[in-house]
Structures are given as structure tokens and as C-alpha cells.
Amino acid sequence: WDNADFSKGVGTTFYQEFPTLNTAKPQFVLDVEAKIRQYLRSSYSAAWTLKITWEKVPAYAARTDTRKTITYQAILTTDGFRSYVLMLYQDGGMRWDYTRLAATNVLIGYT
């Protein structure tokens with residue numbers, strides 16, 4: 001998912017699951033559905049959604065600098081047939097200085 005380094009006690013990761021099959025949908029899930037409908041022009045209706053948040057985390061190796069942190073999320077959702085991932089970054093995008101990372105072939109996104 002990332003190259004975050006929690007070894008210095010800086011940053012937090014947490015998640016929240018939204019099983020919404022045959023239940024009322026919270027506003028967060030309705031917002032996710034709206035984004036998918038907007039970008040993909042589909043009639044998507046989520047049966048399950050998972051929100052993972054990395055909050056104020058430094059890049060690996062944190063021994064060099066724990067001041068430049070970022071917050072970002074991955075939203076996984078499925079209707080049981082189709083599955084999607086939304087990658088959300090704080091305003092300003094990825095703030096890690098990739099020139100100081102152990103690996104310099106850094107990408108934002110997934111394949």
C-alpha cells in the first residue's frame with residue numbers, strides 16, 4: 001500500500017468497514033457511490049466498503065526525517081460483481097521527498 005515508516009512512533013493507520021448489503025447506507029458510502037457513478041457513468045450500488053486511512057505518516061526511512069508527513073486513504077468497495085479502489089490524497093498530493101527515499105522509482109497509484 002505504501003512505503004510509510006511507523007518505527008519512530010509517528011503516524012497512525014486505521015480502518016472502518018461499511019457492510020451495507022440490505023442495510024441503510026451511511027453518507028460516506030453514498031458519497032463513494034456518487035464518485036463512482038460520476039467517473040464511470042455506471043449505476044453502482046455498494047454492498048461493502050472499506051476505508052483505510054494513513055494519518056500523518058512519515059516516509060521510509062523515518063530515521064532521516066519525521067517532520068514531512070502525509071495523510072491519505074484507500075477506499076475499497078464492491079457490489080459483489082464489480083470492485084473499485086479510490087486513492088485519496090490530502091491537498092497538495094504526496095508530500096514525501098521521493099529523492100530521499102530508499103527507492104527512487106516511486107509511483108502514486110496502482111496497477
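Since every read-out is calculated from the coordinates, none of them should be taken as a lab result. Bear in mind the structure is a predicted one, so any value in this text is a computation, not a measurement. Positions of Cβ are backbone-derived with ideal geometry, glycine not excepted, and every protein chain shown enters the neighbour counts.
Once backbone amide H atoms are built at 1.01 Å from N, residue 47 has 78, 79, 80 as its partners under 5 Å, excluding neighbours fewer than 5 places away on the same chain.
FRET efficiency for the residue 87 to residue 24 pair, using the beta carbon distance and R₀ = 30 Å, is estimated at 0.65.
Taking 7 Å steps out from each Cα toward its Cβ at residue 3 and residue 50 produces label points 2.4 nm apart.
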